[in-house]
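FYI, it's all coordinate maths here, none of it is from the lab. What you see is a predicted model; the values in this text were computed from it and never measured. Neighbour counts run over all protein chains shown; Cβ positions are idealised from the backbone, glycine included.
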Amino acid sequence: MPATLENHIGRFREQRGWTQAQLAEAMGVSRKTVNTVENGVFCPSVVVALKFAAALGQPVEALFRLPDRQAE
């Protein structure tokens, strides 16, 4: 089963009034990295997740979470 990760990056980014490009610049990554993580296409490494947290001034747990498991 592929790893999935829910995120609230877009919400916190928009609260700061930042574009994806501005967030990427603050993190030192490409805009494409921000876009693919924000849209759930790519699951970030721990390092990238920590960069999101630092740039957005939020704990990692506020930005990312595992989806709730559905009853099997």
Does segment 1-60 hold any residues that are among the hydroxyl-bearing types (Ser, Thr, Tyr), assigned to a helix (DSSP H, G or I) and in contact (Cβ under 8 Å) with a residue 12 or more places away in the chain, and which are they? 33
Out of (1) of a type outside the set (A, V, I, L, M, F, W, C); (2) buried (at least 18 other Cβ atoms within 10 Å of the Cβ); (3) out of contact with any Gly (no Cβ under 6 Å at 6 or more places or on another chain), the one residue 35 does not meet is (2)
